[in-house]
Amino acid sequence: MTTAFAASAREAGDPQLTPPRRGGRRRGWTPYLLLVPGLLWLTLFFIVPLVQLGSASLQSQWPGAPGYYYRDVNVGNYVDALSSYGVHFLRSLAYAGLATVLCFVIAFPLAYAMAFKAGRWRNVMLILVVAPFFTSFILRTIAWRQILADDAPLARTLNALHLLPGGHITETWVAVVAGLTYNFLPFMVLPIYTSLERADPRLLEAGRDLYADRLTTLRTVTIPLAAPGILAGTLLTFIPAAGDYVNAELLGSDTSTKMVGNVINSQFFTVLGGYPTAAALSISLMILILVLVLGYVRRFGTEEVL
Amino acid sequence: MNSRRPPSDPGIRSLISLAASSGLSRRGLLGGGAAGLAALGLSACAPPAPPSSAGGAPVLQLPKDVSDTEKIVKFANWTAYLDYDDKTKTYPTLEAFQKKTGITVTYSEDIEDNDSYETKIEPQLQAKQDIDRDIFVFTDWMANRMIQRGFVQPLELIRMRNAANIRPILQDVSFDPGRNHSLTWQSGFAGIGYHKGKVGRELKTLDDLFAPDLKGKITALSEFRDTVGLIMLWQGVDISQSFTEAQFQKAVDEVTKQVSDGQIRRIKGNSYLQDLTSGNAIAGIVWSGDIAQLQSNTKDDNWTFVMPESKGTLWSDNMMVPITSRHRRNAQKLMDYYYDPLVAAKVAAYVAYICPVEGAQDQMKKVDPTLVDDPMIFPTEEYLRKETRSFRALSPAEDQKFSQIWSKAVGN
């Protein structure tokens, strides 16, 4: 903009407005130099691996030598992967969707309370939400395995009341979804809290003053104000949850709760010659999530949410 | 230290030479860098060919050995697998070796499980890049893959006098007859483990394990050579001899049935111990050494390991020299040292697995007399031959087929 302006000023023959050349050049360079570290990082750790992954997903097995491949365009890998593991895809989406909804149901009142009602407890609550991050994700999930164990109070009580059909909580889909909800809850709470905290409380008061009942105020004022946070929160919860395999591995069973991440893990690490399948599944998962997220953002990512 | 030493990574080196040769400018560096990166990305895409794609045995090209000038050896092992002195924070037997030979040993507990360590080093081994380790330790079946793929150096047994001390049953294993590429580090059993108090009776066979009252309280190992191996033995198949895919499939079907009936609760790796301690499981297919540790950790003598009447599995972890190592002679000296019966007894007293060294039992009198007659450390040859079998080495095609079948069976 500045240089364009300067150029037109030069053409107009106004020497007063011509800036010193050196300064102008330097300004032209700086943004690109600032981009260099980021671009290098992206190229090295995103684009190169992505190209590799794509190429691995299309390679074929060397005849008679499992574990060795040659470069190829073998679309059959995708067909095989999706026909064998379509169920796991659906399961991942269902679990992640369910966990996202549960996270929202828990997070919204919590964030609302923190933003408007907590007073001097606000910082304490904020710390309590973030504190679990100080321990490793894996350790916390293993801890849940112990909390939900058969000999632990919860399962014992439920069993005594005959409320537990299978006799145990772990190794069920309920445990997997609960684990996902627990692990990704802060990613929902924090963005919603940030949105609400920035909102002007006088707008909510105005809603009441204009004779809206509590529910209408919530629907027409509070939630639209929190919309950017809700959008960010649902994405930050859904995307990692759909690719997660730790919860299904630690809390789920061997029959009917494995997610697509578990399949990728096992094809990559334990099945000899499973690389192309693992790569095809990874790429498919990425595309699927991208499409879903784009659709979602196009639908809800405007000012007039809901 | 020479600070101008070029980086060892060939990719980076080529980038630097590219930059140096092209009259360096910032823009030029960026452009060249991008081109170099793209080339790097594409060349890394090309998958390596199998070692013997032309047919016949792979021809190994050994790197030049520099053991005489560089007196070092780097040893990658599993966690808690070597005698350790908590007070001095050292490994006593390693210290003694360094004093005796003047060779500096870097010992690292790199290996958590076979698959992930193998996946980590495989690209470098295929590209013949130094993995910076001179000894690594893999379980039989992975050792089999490593040898088949030409990833390990043959051992100069003539320079390793103590290697002849290996227990006869471990000498002619199916994946490395005559032990020309590998030496056993430690061995162990898989069998039945259970809590006597909670089960309330003795378990002797897999039928006992699959009894209705233990429904949902049974755990099994994710290592199929142990879980499926035990079930095949139970079904009357000798896993150390040739068996068919149908026989393997039949045993896997049994596992699938027990899992979907809810008899077997989970199939797990090392983490099954947590289920035993938390009460999620009270019995299962387990590794012998774990039950011994559980006993001492929980101070509960109710934990029992039994060999099923239909036989248990015998597995080993094996030391090998990676194809990229330039310190093979030093590595061999270290392996040879651990086959000295007295040294082996010292390690066995600490790790409590089956000691692979003949004569260590005698030397144990000097180390810890209470362990001399421990059948879990020094089982008799007769016992091993009668009560246990080793899962035979699979061909690459079988390996692929069976790992795929197993992966499906555990829900993946």
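The values are calculated or read from the model by the stated rules, or taken from the named source; none is laboratory data. Just so we're clear, the structure is a prediction, and the values are computed from it rather than from any experiment. All Cβ positions, glycine included, derive from the backbone under ideal geometry; neighbour counts span all protein chains shown. Side chains are part of the model used for accessible areas, which takes the heavy atoms of the whole protein and leaves out ligands, DNA and RNA. Shrake-Rupley method; radii C 1.70, N 1.55, O 1.52, S 1.80 Å.
Some observations on this one:
- Taking the criterion of being over 19 Å from A:Val263 (Cα atoms) and either facing chain B (nearest Cβ under 7 Å) or in a helix (DSSP H, G or I) (or both), the residues of segment A:67-88 that qualify are A:Tyr68, A:Tyr69, A:Tyr70, A:Arg71.
- Some residue of segment A:144-166 being touching a residue at least 40 places away in the same chain (Cβ under 8 Å), away from every other protein chain (no Cβ under 11 Å) and closer than 20 Å to A:Glu249 by Cα: yes
- Qualifying residue in segment B:109-116 (condition: of a type outside the set (A, V, I, L, M), at pLDDT below 95 and more than 28 Å from B:Ser174 (Cβ to Cβ)): yes
- Condition check for B:Val137 on (1) of a type in the set (A, V, I, L, M); (2) surrounded by fewer than 17 Cβ atoms within 10 Å (Cβ to Cβ); (3) more than 14 Å from chain A (Cβ to nearest Cβ): one failure, at (2).
- Any hit, segment B:313-324, residues being touching a residue at least 12 places away in the same chain (Cβ under 8 Å) and over 27 Å from B:Ser390 (Cα atoms): yes
- All positions within segment B:274-309 that are hydroxyl-bearing (Ser, Thr, Tyr), away from chain A (no Cβ under 14 Å) and part of a helix (DSSP H, G or I): B:Ser288, B:Ser296
Listed here are the residues, each with its yes/no results for (1) in contact with a His (Cβ under 8 Å, 6 or more places away or on another chain); (2) farther than 29 Å from B:Val173 by Cβ; (3) within 14 Å of another protein chain (Cβ to nearest Cβ).
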site	(1), (2), (3)
B:Leu221	no, no, yes
B:Phe224	no, no, yes
B:Val228	no, no, yes
B:Leu233	no, no, no
B:Gln258	no, yes, yes
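- Qualifying residue in segment A:114-129 (condition: open to solvent by 70 Å² or more (accessible area, probe 1.4 Å) and closer than 30 Å to A:Ile264 by Cα): no
- Those helices (runs of 4 or more DSSP H) of segment A:162-222 in which at least 1 residues are polar (S, T, N, Q), considering only elements entirely within it, cover A:173-198, A:214-217.
- Some residue of segment A:275-287 being open to solvent by 10 Å² or more (accessible area, probe 1.4 Å), under 14 Å from B:Lys408 (Cα atoms) and either touching a residue at least 24 places away in the same chain (Cβ under 8 Å) or outside the structural domain of A:Thr100 (by TED's automatic domain parsing) (or both): yes
- Residues located in segment B:207-262, provided they are open to solvent by 10 Å² or more (accessible area, probe 1.4 Å), part of a loop (DSSP other than H, G, I, E, B), touching a strand residue (DSSP E or B) at 6+ places or on another chain (Cβ under 7 Å) and not hydroxyl-bearing (Ser, Thr, Tyr): B:Lys217, B:Asp238
- Candidates B:Gly411, B:Gly359 - the one that is at positive phi, open to solvent by less than 60 Å² (accessible area, probe 1.4 Å) and either out of contact with any Ser or Thr (no Cβ under 9 Å at 6 or more places or on another chain) or more than 14 Å from chain A (Cβ to nearest Cβ) (or both): B:Gly359
- Some residue of segment B:141-149 being in contact with a strand residue (DSSP E or B) (Cβ under 6 Å, 6 or more places away or on another chain) and closer than 25 Å to B:Ser67 by Cα: yes
- Single condition B:Asp261 does not satisfy, out of (1) over 23 Å from A:Pro165 (Cβ atoms); (2) more than 23 Å from the chain's Cα centre (by Cα): (1)
- Test result for A:Gly243, away from chain B (no Cβ under 11 Å) and under 22 Å from the mean Cα position of the chain (by Cα): yes
- Restricting segment A:72-83 to residues that are without any contact (Cβ under 8 Å) to a residue 60 or more places away in the chain and not β-branched (Val, Ile, Thr), the residue that is surrounded by the most Cβ atoms within 10 Å (Cβ to Cβ) is A:Asp72.
- For beta carbons closer than 7 Å, sequence separation of 6+ or different chains, a first residue in segment B:82-99 that is within 18 Å of B:Asp110 (Cβ to Cβ) and among the hydroxyl-bearing types (Ser, Thr, Tyr) and a second that is open to solvent by less than 50 Å² (accessible area, probe 1.4 Å) and assigned to a strand (DSSP E or B), the qualifying pairs are B:Tyr91/B:Tyr107.
- Filtering B:Thr119, B:Thr88, B:Thr79 for residues that are of a type in the set (Val, Ile, Thr), within 14 Å of chain A (Cβ to nearest Cβ) and over 21 Å from B:His327 (Cβ atoms) leaves a single hit, B:Thr119.
- Qualifying position, being open to solvent by 30 Å² or more (accessible area, probe 1.4 Å), closer than 16 Å to B:Ala80 by Cα and of a type in the set (Lys, Arg), among B:Lys333, B:Lys346, B:Lys366, B:Lys299: B:Lys346
- Checking B:Asn162, B:Asn180 one by one, the residue that is open to solvent by 20 Å² or more (accessible area, probe 1.4 Å), polar (S, T, N, Q) and in a helix (DSSP H, G or I) is B:Asn162 and no other.
- Check on B:Leu314, away from chain A (no Cβ under 14 Å) and surrounded by 20 or more Cβ atoms within 10 Å (Cβ to Cβ): yes
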